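Undergrad: Structure in structure tokens, see below.
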Amino acid sequence: MTHQPHPSIARDLVELVSEHGFEGMAQIMQQLVNECMLIERQDFLGVGPYERSEERNGQANGFKPKRLKTRVGQLELSVPQVRGAKFYPTALEKGSRSERALTAALAEMYVQGVSTRRVTKIVEELCGCEVSSSDVSRATALLDEEFEQWRNQPLGEMKYLIVDARYEKIRENGCLVDCAVLVAFGVDADGYRRVLGVSVSQSEAEAHWRAFFKSLIERGLHGLELIVSDAHGGIAEARKACFAGVPWQRCQFHLMKNAFSHVPKSMDSGEVAEDIKSVFDAADLDAAQAQLGRVVRKYQDSAPKLATWMEENIPEGLTVFRLPASHRKRLRTSNAIERLNQELKRRTRVAGVFPNEASLLRLVTAILVEQSEEWETGKRYVTFEAK
């Protein structure tokens with residue numbers, strides 16, 4: 001039997017919004033989370049209040065108070081307890097993981113004296129409270145252990161691998177430096193996406209990508225049928241060394257952007273884009289190659305450098321035609337991981353500058369863990385035909 005929310009809950013929330021606006025978000029979230037945990041406990045027990053059943057999973061056993069610091073303020077929660085069975089609200093665990101990571105990252109900057117005034121202001125705005133060094137020690141110890149296990153969990157067969165990187169600022173020896181965040185996600189044999197790994201390094205040099213790829217292989221990654229990425233030199237060399245023989249799809253979106261640097265100023269770049277798109281949108285590989293030949297000939301005289309570039313580079317974006325037609329739209333670009341990177345950016349820009357690589361890795365891992373869980377328990381990304 002599913003717990004029915006008390007009829008006054010919605011009315012109370014409306015009153016809170018009307019009275020306090022966004023300043024009342026902490027109270028609103030507190031009430032919502034408490035109600036969600038109640039619903040989850042009742043679903044777990046399998047019976048309603050005061051109902052009897054031989055198939056129930058334990059007994060309701062009151063509540064345990066829990067204080068949680070979040071970006072909307074401090075929440076005073078009542079965590080439902082169960083006697084005779086192991087229970088902990090998943091909503092509370094999933095919702096607090098990245099909050100703990102963000103708080104720890106900000107607190108580290110505070111403790112280490114990085115832009116103290118600015119960081120203190122951010123912490124107060126996001127969490128509604130100050131963060132102490134003891135908070136940092138407890139949070140980071142728990143998070144680091146949990147995230148290290150996740151980053152080293154065994155992998156298995158993955159049909160497709162998509163990789164990309166983005167940059168964040170860290171402080172090193174008193175200077176601000178760029179730090180690369182290398183991310184990989186895969187599509188498994190059942191068609192579900194999964195974040196496979198993340199690494200933080202000083203650059204996207206071949207040595208860093210190679211170490212990252214080797215770590216995936218050592219964890220059991222196998223069965224790849226396609227790798228999707230942009231044409232970054234570090235990725236290219238590492239890919240050839242670690243995944244020799246695996247077909248590579250060069251991101252069509254990045255290919256299009258690269259083409260514009262070869263278009264003469266006197267030429268209509270929009271027309272060039274449409275011509276390249278006509279190649280990518282062909283019905284099959286033969287049609288794409290034939291269309292590419294026509295496009296190259298079109299620009300042979302008016303823009304010979306562009307024509308040569310097209311002939312040499314655009315075929316790298318046609319590998320996707322080897323896949324089933326229903327998979328091509330998903331795998332023709334690295335846009336899926338670009339969107340993931342945008343989510344990372346949205347969450348990391350709050351911290352601004354990280355005091356070290358460990359702090360950065362902690363926060364991005366927290367975000368990726370939650371994203372991977374959502375993917376793995378959500379809808380299939382692609383569907384494979386039964387053999």
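Undergrad: Mind jotting down the distance between the C-alpha centroids of region 345-381 and region 232-269, whole Å?
TA: 26
Undergrad: Of 320, 303, 288, which is farthest on the positive side of the dipole of region 272-321, counting Cα position, with +1 on Lys and Arg Cβ, -1 on Asp and Glu Cβ, and the Cα centre as origin?
TA: 303
Undergrad: May I pose another question? Report the local net charge at residue 217: Lys and Arg +1, Asp and Glu -1, summed over other residues whose C-beta lies under 13 Å from its C-beta.
TA: Working: positive: 210, 214, 219, 239; negative: 157, 218.
Around residue 217, the surrounding residues sum to +2.
Undergrad: What is the spin-label model distance, in nm, from residue 283 to residue 343 if the labels are put 7 Å beyond Cα along the C-beta direction?
TA: The answer from the label model is 3.7 nm.
Undergrad: Just subtract the alpha-carbon distance of residue 43 and residue 178 from 0.36 nm times their residue separation and send over the number in nm, one decimal. Numbers along the way, then the final one.
TA: Working: separation 135, 0.36 × 135 = 48.60 nm, distance 4.73 nm.
Here the answer is 43.9 nm.
Undergrad: From the phi angles alone, apply the Karplus equation (6.51, -1.76, 1.60; θ = phi - 60°) to region 180-191 and give each ³J(HN,Hα) in whole Hz, x where the residue is Gly or Pro.
TA: 7, 10, 8, 10, 9, 10, x, 10, 7, 5, 8, x
Undergrad: If we count every other residue with Cβ under 13 angstrom of residue 64's Cβ, Lys/Arg +1 and Asp/Glu -1, where does the sum land?
TA: Summing Lys/Arg as +1 and Asp/Glu as -1 gives +3.
Undergrad: Here's something else I'd like to know. For the ranges 192-198, 292-298, what's the packing order if you count other beta-carbon atoms within 10 Å of each residue, average per peptide, and put the highest first?
TA: The densest-packed peptide leads the list: 192-198, 292-298.
Undergrad: In addition: Compute the signed sum of charges (Lys and Arg +1, Asp and Glu -1) over the other residues within less than 11 Å, Cβ to Cβ, of residue 295.
TA: Taking every Cβ under 11 Å from that of residue 295, the sum is 0.
Undergrad: Using modelled amide H (1.01 Å from N, peptide plane; none on Pro or chain starts), what sits under 5 Å from the amide H of residue 228, excluding residues fewer than 5 places away?
TA: For residue 228, the qualifying residues are 161, 162, 163, 249.
Undergrad: Work out, step by step, the length gained on full extension between residue 358 and residue 219: first 0.36 nm times the residue separation, then minus their alpha carbon distance; give nm to one decimal.
TA: Extending this stretch completely gives an extra 47.9 nm.
Undergrad: Residues with amide H under 5 Å of residue 356's amide H, sequence separation 5 or more or different chain, H placed in the peptide plane at 1.01 Å from N; which?
TA: Residues meeting the criterion, in which the H sits 1.01 Å from N, are 171.
Undergrad: Another one. Using just the C-alpha positions of region 140-289 as equal point scatterers, what log10 of I(q)/I(0) does the Debye formula give at each q in 0.14, 0.18 1/Å?
TA: Relative scattering, expressed as log10 I(q)/I(0), comes to -0.84, -1.15.
Undergrad: Could you give the nm distance between label points at residue 290 and residue 203, where each point is 7 Å from its Cα heading toward the beta carbon?
TA: According to this spin-label approximation, the distance is 4.6 nm.
Undergrad: Which residues' amide hydrogens lie under 5 Å from the amide hydrogen of residue 184, considering only partners 5 or more residues apart or on another chain, with H built in the peptide plane?
TA: Close amide H contacts, sequence-distant or interchain: 196, 197.
Undergrad: Separate question: What FRET efficiency comes out for the pair residue 189/residue 267, r = Cβ-Cβ distance, R0 = 30 Å, nearest 0.05?
TA: 0.10
Undergrad: Give the accessible surface of region 194-274 per residue, rounded to a whole number of Å², with probe radius 1.4 Å and ligands, DNA and RNA excluded.
TA: Heavy-atom accessible area per residue stands at 45 Å².
Undergrad: Normalised by the residues of region 165-232, what does the relative contact order come to in percent, with Cα pairs under 8 Å and at least six apart?
TA: 22
Undergrad: Starting at the first residue of region 209-217, write each ³J(HN,Hα) from the Karplus equation 6.51 cos²θ - 1.76 cosθ + 1.60 with θ = phi - 60°, in whole Hz, x for Gly and Pro.
TA: 5, 5, 4, 5, 4, 4, 5, 5, 5
The values are calculated or read from the model by the stated rules, or taken from the named source; none is laboratory data. Just so it is clear, the model here is predicted, and its values are computed rather than measured. Note: ideal-geometry Cβ built from the backbone for every residue, glycine included; neighbour counts use all protein chains shown. Just so you know, the surface numbers come from the protein's heavy atoms only, side chains and all, with ligands and any DNA or RNA stripped out. Shrake-Rupley method; radii C 1.70, N 1.55, O 1.52, S 1.80 Å.
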